[in-house]
Structures are given as structure tokens and as C-alpha cells.
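> Please see the structure below; I have some questions.
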Amino acid sequence: MTSQNTDPSLSRRRFLGGATAAGAGLAAVGAARAQAPAPDPLITDVQDWNRYLGEGVDKRPYGTPSRFEKHIVRRDVSWLTASPESSVNFTPLHELDGIITPSGLCFERHHGGIADIDPANHRLMIHGLVDKPLVFTMEDIRRMPRQNHVHFLECAANSGMEWRGAQLNGCQFTHGMVHNVMYTGVPLKLLLAEAGLKSNAKWLMLEGADSSGMNRSLPVMKALDDVLIAFAMNGEALRPEQGYPLRAVIPGWEGNLWVKWLRRIEAGDKPWQAREETSKYTDLLADGRSRRYTFIMDAKSVVTNPSPQAPLKHKGRNVLSGLAWSGRGTITRVDVTLDGGRNWQEARIDGPVLDKSLTRFYVDFDWGGQELLIQSRATDSTGYLQPTKDELRKVRGVNSIYHNNGIQTWHVKGNGETENVEIG
Ligand code: MTE
Ligand code: CO
């Protein structure tokens, strides 16, 4: 809200400028009461959008955000990868609210660019250790019983640059390899039942139709549990960058398994030892050994506001906001500290609390202009408590890139500027 202004030059300008219709009348009343506070021009003047006809319904057959929201975009970090085709950009978490990520702001991670697939020419093949190898068209898949589920997808490398200390200045960059949308698709167990899994089939290999042909091994147990083969997100077809026309949804498990542009599922009796589960997406420990097949994304949280890209601007009333999620179930509690861990308070969770989904939390607080050290820590439905970064390092060392779910710290300075820091 704009506060009332008593500057006489402002009220004069308002008087001259407002020489039409309602604006003139209100401004004249203001001037007559010589010493009264001048009225707010945003209230007294007739604005252009009130004066002229707006755009017709024929101008935006597919809607886009207001032109005043143009800065709210996915961003990349130029030095992070060698080429944009094998790269990543990040969800602007600090600009979003609620739990659903708008489709156009979902971070993207590709190993060989975005495949441009004509759905009429797309097929999904299921073969290997099955009774009846099958090939599905998109129309075949759309005629099978479908389900809707909201789930987060987090890249295993999210927060990966932070293992050795605070590095990137913004939750978009430290935590933005996560998105949360509603998927519509067919349970994989229905497709497998159609093909008839043989009893010795213990693993599946999922393969994409993109130029990287990215593939991963998935235990049959998970496939029969809650995996969806999705063709829609947030009510419409998948976006090309999210795997149009078909992707795997592997709730709670690392994003790399969520094969996009899915074209082939082979059943076998052991994992395939694909590139992305040997050279990559393994967790190198301090003693040189590697943890492998670390599928599940453990509970994690981050304060999205304030954060380096969203500093505090006002003293007094403020809303702290953030996101929490767990690959093992639901979020049951989030605690927040404003003083680097001396005092914790339970955050207010608001909105749907769904299984393996982003969950929104708030702390409504008054800021007196003092420095803050803000952290959040999530607890999930298994009772697991999000660890500190040092607790993680004790077990995992600092060689890893993947599975960093440590507690994030933001330092708010007296002027409201906010920085990524660590406290020991
Ligand atoms: N599937 C294919 N076919 N090709 C890819 O490069 N990238 C994977 C996974 N599926 C990838 C893929 C990785 S590492 C992640 S984190 C997620 O897709 C990213 O999904 P998104 O682009 O929808 O955010
Ligand atoms: Co990834």
C-alpha cells in the first residue's frame, strides 16, 4: 500500500493531471482542505486500464503471465556445464507460492537436448522377460485406466554445488532442481500385466527416445508399486522439455530415473549398469568407495522467502515462506529458526499435504531490522529429521555431488540483503 503523502508539489501535479471526470472532482476536494493529507493518486486518478478498452478474447488463445512478471523465469548458471544441450536450468522457487509449479517454470535437465516428437510416430515397447512383448501407440495408452497424482521431481544433483561450502547465491540455484506438478498417466503395473512379467524379471530398463538415449535400471518392486507412465502434467499434455509425449514418474526417487520421451522398457533379472548408474548418479565416499542405486530422495526443506534473490524490504510485518518434501512419504512438521539454531519454532503448514509432494510452510513474523540466520528443517512421516550439512559430511564426505539434503542457512543483513552462508 502507498502511504498518504503531504508534499504540496505532489498534490498540485495530481490536481492538474487529474482534470477529467472523477479524477478532477476528487482532486479538487483534496485541494480545498488545505492541510489535509493529500489523497493517493493511485486511488484518485483514473488509470489507463480503467479508461480504455482492454485486449479482446481473440488476442491470447493460449494465455501467458502478465508482462510485469517477465523476470520470473528459469535461469541457468553459465559456467556449470559445457553446452546448453547437456545442461540444466533452475525453477525460480523464490517467485512461486503454493505447491504446484507452473509448467513453464519447471526446471529442465537434458543430456542431449529436447527431443521433438510427433506423438503419432511415438511408440512404447515392452519386451525382455515377458510372456508377450508389446508395442503401444499413444492412443493405446490413452485408452487404458488412468490416474492423477501430484509428485515432486528432484534431480539427485540438486544442492550438489554446496557439498564443500556455501556457493550459489539464490534458492533458485541451490534448490531449484525440483518441481511439483500433477501427472496424469497409466500405472506401469497395468502395462506390465498386459505383457505378463516372467517370475525371474526383477529389474526393468527404461530408455528415452532423445539423442542421449538415456537409460536407467528400475527394480520391478518399485514399478509394481506407484510408478506412472504419464502423458499429461497440470491438466495438459507434457511440455516437450518434460518428455512429451510420454515420461516415467517414479515418486520420491531421484529425477534421473524419470526417463523422458520414454520409448522402451526391457525386463531383466539384474540391473543394466548403465552410464547413469555407474559413472554418474553414484555417491563417491571419502574412502574412495561409491554408494550406488541411491534411489530415494530424503526429506529436505528450504526457505524460499527471504532468500538471496528475495531480500527483506520492509521492517515490521513479514511472511517467511518455504518448501519441504520427502521421497519417503509426507511432511509432518517443519521447524524454522531465525537466529542460527538457538531458538526453533514450528512453521505453519498450509495447503495440501500430499505423499511425495512439495509442501508449503510459513512463519508470519515481525522484523525489527536485526540480522537473521534463517534455517528450516523438515520431519517426514517416517520420523526422519533433515540433517545439518556437517552431519551429512561426517557420513558421506565431500566428494559427492548427489543427495545433499542438508539444512540451508540464509544470512539476512540489517539492510535486508540476504546471502547463502554456513554456520559451524
Ligand atoms: N530422460 C531422458 N530421456 N533424457 C534425459 O536427459 N534427464 C534426467 C531425467 N530424465 C533425462 C531424462 C534427469 S537427470 C532429470 S533430473 C530429470 O529427467 C529432469 O526432468 P525435467 O527436465 O522434467 O525437470
Ligand atoms: Co537429474
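> Any idea which residue in the range 33-75 is least open to solvent (accessible area, probe 1.4 Å), counting only those that are in contact with a Leu (Cβ under 8 Å, 6 or more places away or on another chain) and under 30 Å from M177 (Cβ atoms)?
I72
> In addition: Scan the range 130-147 and give yes if some residue there is within 16 Å of ligand 1 (Cβ to nearest atom) and farther than 26 Å from N399 by Cα, otherwise no.
Kept after step one, since they are within 16 Å of ligand 1 (Cβ to nearest atom), are these residues of the range 130-147: none.
No, the conditions are met nowhere in the range 130-147.
> Any idea which of V150, V186, V227 is among the β-branched types (V, I, T), at pLDDT 95 or above and surrounded by fewer than 20 Cβ atoms within 10 Å (Cβ to Cβ)?
The match here is V150.
> Can you go through S199, S211 and tell me which one is assigned by TED's automatic domain parsing to the domain that holds R142, among the small types (G, A, S) and within 15 Å of ligand 1 (Cβ to nearest atom)? Let's see the steps before the verdict.
Values: S199 fails: within 15 Å of ligand 1 (Cβ to nearest atom).
Result of the check over S199, S211: S211.
> If you don't mind, another one. Against the condition open to solvent by 10 Å² or more (accessible area, probe 1.4 Å) and either among the hydrophobic types (A, V, I, L, M, F, W, C) or more than 24 Å from R360 (Cα to Cα) (or both), how does G235 come out, does it pass? Break it down into steps so the answer makes sense when it comes.
Numbers: open to solvent by 10 Å² or more (accessible area, probe 1.4 Å): yes; either among the hydrophobic types (A, V, I, L, M, F, W, C) or more than 24 Å from R360 (Cα to Cα) (or both): no.
For G235, the condition - open to solvent by 10 Å² or more (accessible area, probe 1.4 Å) and either among the hydrophobic types (A, V, I, L, M, F, W, C) or more than 24 Å from R360 (Cα to Cα) (or both) - is not met.
> When the range 76-94 is examined, which residues are found to be exposed (fewer than 10 other Cβ atoms within 10 Å of the Cβ) and modelled with pLDDT of 95 or more?
Filtering the range 76-94 for residues exposed (fewer than 10 other Cβ atoms within 10 Å of the Cβ) gives 78-79, 82-83.
If the condition is that a residue be exposed (fewer than 10 other Cβ atoms within 10 Å of the Cβ) and modelled with pLDDT of 95 or more, then no residue fits.
> Enumerate the pairs (first residue in the range 45-71 and farther than 14 Å from G104 by Cβ; second residue anywhere and assigned to a loop (DSSP other than H, G, I, E, B)) with beta-carbon separation below 7 Å, excluding pairs fewer than 6 apart on the same chain, so at least 6 apart or on different chains.
Filtered contacts from the range 45-71: D45/G18; V46/T20.
> Out of all the residues in the range 268-284, is one or more away from ligand 2 (no atom under 14 Å from the Cβ), hydroxyl-bearing (S, T, Y), farther than 21 Å from I401 by Cβ and touching a residue at least 12 places away in the same chain (Cβ under 8 Å)?
no
> Return the total of residues in the range 267-302 being within 16 Å of ligand 1 (Cβ to nearest atom) and either hydrophobic (A, V, I, L, M, F, W, C) or open to solvent by less than 40 Å² (accessible area, probe 1.4 Å) (or both).
12
> Hey, can you tell me all the residues within the range 227-245 that are touching a residue at least 60 places away in the same chain (Cβ under 8 Å) and either in contact with a Gly (Cβ under 8 Å, 6 or more places away or on another chain) or farther than 18 Å from T137 by Cα (or both)?
Result: L228, I229, F231, M233, N234, E236, R239, E241, Q242.
> Among D116, D140, D97, which is among the charged types (D, E, K, R), assigned to a helix (DSSP H, G or I), open to solvent by 30 Å² or more (accessible area, probe 1.4 Å) and more than 16 Å from ligand 2 (Cβ to nearest atom)?
On the way: D116 fails: assigned to a helix (DSSP H, G or I); D97 fails: assigned to a helix (DSSP H, G or I).
Residue meeting the stated conditions: D140.
The values are calculated or read from the model by the stated rules, or taken from the named source; none is laboratory data. Fair warning: this is a prediction, and the values are worked out from it, not measured in the lab. Positions of Cβ are generated from backbone atoms using ideal geometry, with glycine treated the same way; all protein chains shown enter the neighbour counts. The area values use the complete protein model at the heavy-atom level, side chains included, leaving out ligands, DNA and RNA. Shrake-Rupley method; radii C 1.70, N 1.55, O 1.52, S 1.80 Å.
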